[in-house]
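Worksheet: one structure, shown below.
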Amino acid sequence: MRTAFMVRMAHPTGVHMIDKDQYLVKKEPFYQQQRNEVALYEAAYRNKLPVMVKGPTGCGKSRFIEYMAWKLNKPLITVACNEDMTASDLVGRYLLDANGTRWLDGPLTTAARIGAICYLDEIVEARQDTTVVIHPLTDHRRTLPLDKKGELIEAHPDFQLVISYNPGYQNLMKDLKQSTKQRFTGFAFDYPTAELETSILAKETGLDEANAAKLVKIGHTARNLKGHGLDEGISTRLLVYAATLIKDGVHPHDACRMALVQPITDDADIRDTLEHAIDASFA
């Protein structure tokens, strides 16, 4: 049974309550297991181990974490990392208001206090000096020092840190330090097999399997172009978009152009190649 949680937290003006229920995943997300990643994640969570999830764009990394948060009935706080994100954006800062200054917890601090899964999506987009603040939470200490506040937070027993990134976009300037990588257990995700991806499209969108299989074939054509004009192939996410449009009555050619061609390339030759694949699949 899924229940609501309330947490008492200290505050400059007294004690206030945080409703953990606002961070719970209320509805089961659709997730199709590829191997035994669900059981392995549960083992990592039981043993309070941080988790790294890596794989190409749109292959299901975020959906997997959302599904696990739902399955474990734990709050999930997601942070979309970017190059402008500072340590204060993660841990918190003092703010000025009519009554003076007050401290506002950042998402990482909130998660550590209430026992949530904190998911740092595309961690390599954040500056390396920012990611250092997560280190004390990823070893035996499980603590978070708030230097500006003079407070040391001991992470709630239910707290877990999860990070994700796309190795295909790595370079010397955007990579995790080995000192960070070796603090995590890891999952390597990839696009599903053709049969499994067809099943995912059909279950996710309600599209018939015959047309789902045609979309998957187009997706595989694009993925074979990676490194030959495309930085990244068509993701499962984009295939779901195309399937959703077709299910809604959009002509397959228009749906594919809208979801599978225009978002991924401006190169005329690549567009022509994908157009030919679409024509061949939906002749």
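Before moving on, here are some points about what is shown:
- All of Asp190, Asp254 fail the test of being among the charged types (D, E, K, R), exposed (fewer than 14 other Cβ atoms within 10 Å of the Cβ) and more than 25 Å from Arg35 (Cα to Cα), apart from Asp254.
- Cβ pairs under 6 Å, 6+ apart, first in the stretch 208-219 and in contact (Cβ under 8 Å) with a residue 60 or more places away in the chain, second assigned to a helix (DSSP H, G or I) and not hydrophobic (A, V, I, L, M, F, W, C): Lys214/Ser281; Lys217/Ser281; Ile218/Ser281
- Residue check, Ala242 touching a Cys at 6+ places or on another chain (Cβ under 6 Å) and not assigned by TED's automatic domain parsing to the domain that holds Val53: yes
- Of all the listed residues (Ala283, Ala259, Ala268, Ala242), the sole one being without any contact (Cβ under 8 Å) to a residue 24 or more places away in the chain and under 19 Å from Lys203 (Cβ atoms) is Ala259.
- Helices (runs of 4 or more DSSP H) wholly inside the stretch 178-283 that include at least 3 residues being closer than 16 Å to Pro56 by Cβ and of a type in the set (Asp, Glu): none
- Taking the stretch 209-229 as the range and being exposed (fewer than 13 other Cβ atoms within 10 Å of the Cβ) and closer than 21 Å to Lys247 by Cβ as the test, only Ala210 passes.
- Residue within the stretch 139-149 that is among the polar types (S, T, N, Q), crowded, with 19+ Cβ neighbours inside 10 Å and under 30 Å from Trp70 (Cβ atoms) present: no
The values are calculated or read from the model by the stated rules, or taken from the named source; none is laboratory data. Everything quoted here is computed from the prediction, not taken from an experiment. Neighbour counts run over all protein chains shown; Cβ positions are idealised from the backbone, glycine included.
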